[in-house]
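Reviewing the structure listed below.
We did not get these values from a lab; they are worked out from the coordinates using the rules stated. Bear in mind the structure is a predicted one, so any value in this text is a computation, not a measurement. Here the Cβ positions follow ideal geometry from the backbone for every residue, glycine too, while neighbour counts run over all protein chains shown.
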């Protein structure tokens, strides 16, 4: 949730991404690095080589404009920079940048291109045009919500638990320089929200209440009790005594006299001023031009031409189908009662609960060991990147999803991480764990994202970009592989898979309900509770997530249904010659692509196999 989803903060022209799941991967080298794909290119040979050269130059220029993205990508040389990403001047720069590079690429044109060169061209042009089209919608007026909270993102960067490195004396100097610019960014966020108030473009009240709660968790009187102090507590022992003393004094001053005052000012404005202007409506459709805004988001995120009404109908049909499968599980376990009573039973029976946070984390680690034994049956290639399971940081666990993923760095210094939410332990169920692991970790996001960044033949904007319908569609599809990967061995754990597939179908109904049909937050929560086994805590967090990031939740089911349909198509066409390992290699082999391009690649593979 990917994450799967920080990238939207930086107005990326690359592609829509993830969220809800945290996905940013990494590269190397701020100047010249063939491995990362940001290299200064060699002499051109033909149109494809000219485009390759252009993409490489674009990648280098892109990082200059988006230095925080460079940090998430693991590219050194940018970690001290923090532009005012919310300013009108910056938006103009992004616009001019996008137009400049789109013109350069289109001047070469697609004629004569084939294979991945043609796909790269189509993706680049699509992304740039979608970026320019999005400028008609004033997302900059609502820069903060509980899901994309600049204050929380900066705190995680400065905590040493995120992408910002704290290994050398220079690393500490880099963060000090970057953090000193945070007040400017917060001031701009306040200015933008004030413009939003005048234009009637404001956030729902409940979302900003969550933001205030998040800010309260970050603001401390004592610098040593803030997240920003963690790098001081964890300072490498190799630092000299003089460096330790100087860095400690500088960070104390930074936190006490720069950061905390900025956090307090942001909190004061939101709680005492902005909150008076927030809205009680929940959906994007309630905002000026909101219907068109949401339709654009749906088209962009799903990479289809489906309307909200079409998606709503598909969701209702899927909910009904999955209810039928759940009734079959009820018959297998001889449960006597209604489906809703079965949902209550699955939520309340103590056998499905964890005794401690440590037990929960150990449970997921055991799933990892079990899944990895079966991976060779379904996959011919696995990522080189390391992988870890960690708990969600305490400051954001209350509003975070049950699990999320952050991609690895290319240089191997940072593993892919599956973050498990251990908050509100009674709501975290054993029957939910296998499915969640398959989605967020292996073979879901970790396989797809880590393998994508290892495809050296792709230009950087494809290796490190992505389409939510593909990335989340793949992750949801990965859940369906559970039985082949040694999971879902009991009816209860298989119910977990069905329940989560049902949950994604419910997203089709509720996201479109919220933003296109005028549903309230309460109606969405009630629909979730009536039709699934999710707890009210989870249903509430999910409803508010859909309010914060309209349309993103649609990508899961739309993408997964497409991948399953393509597998069925290939299996029918190839018969006994169908090899699921090869099918997965084709799906993952070109990285994250729009769904129509994925279908083209699978069709080409089918044709080649039949020759």
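Taking Cα centroids, how far is segment 551-573 from segment 403-420 in Å?
26
Rounded to the nearest 500, what is the chain's calculated 222 nm mean residue ellipticity when only DSSP H runs of at least 4 contribute -39500 (n - 2.57) each, over all residues?
Numbers: 25 runs with 350 residues, N = 611.
Taken over the chain, the calculation gives -18500 deg cm²/dmol.
What does the highest-first list of 251-261, 601-611 look like by mean Cβ count within 10 Å?
Working: 251-261: 17.6, 601-611: 13.9.
Sorting 251-261, 601-611 by mean packing, highest first, produces 251-261, 601-611.
If each residue's Cβ is checked for other Cβ atoms within 10 Å, how do 445, 312, 95 rank with the fewest at the top?
95, 312, 445
Which of 509, 99 has the fewest other C-beta atoms within 10 Å, and how do the rest follow up to the most?
99, 509
With 10 angstrom as the radius, rank 105, 333, 524, 125 by how many other C-beta atoms surround their C-beta, starting from the fewest.
If I rank by nearby Cβ atoms, fewest first, I get 333, 125, 105, 524.
Over the chain, what is the percentage of antiparallel beta bridges among all DSSP beta bridges, to the nearest 5?
40
Taking the alpha-carbon centroid of each part, what is the distance from segment 364-393 to segment 85-146 in angstrom?
Segment 364-393 and segment 85-146 have Cα centres separated by 35 Å.
Classify the chain as rounded, prolate or oblate, taking a ≥ b ≥ c as the square roots of the eigenvalues of its Cα gyration tensor: rounded when a/c is under 1.5, otherwise prolate if a/b is larger than b/c and oblate if not.
On the way: a/c = 1.36, a/b = 1.11, b/c = 1.22.
Cα axes put the chain in the rounded bin.
Taking a ≥ b ≥ c as the square roots of the Cα gyration tensor eigenvalues, with a/c under 1.5 meaning rounded and otherwise prolate when a/b beats b/c, else oblate, which class fits segment 380-516?
It is rounded, given that a/c, with a ≥ b ≥ c, falls under 1.5.
Roughly what % antiparallel, to the nearest 5, for the DSSP beta bridges in segment 358-469?
So the antiparallel bridges amount to about 45 percent of the total.
With the cut-off at 1.5 for a/c, could you classify segment 418-474 from its C-alpha gyration tensor as rounded, prolate or oblate?
It is prolate, given that a/c is not under 1.5 and a/b is the larger ratio.
Please report the antiparallel percentage of the DSSP beta bridges confined to segment 297-555, to the nearest 5.
50
How many angstrom lie between the C-alpha centres of segment 212-265 and segment 307-345?
50
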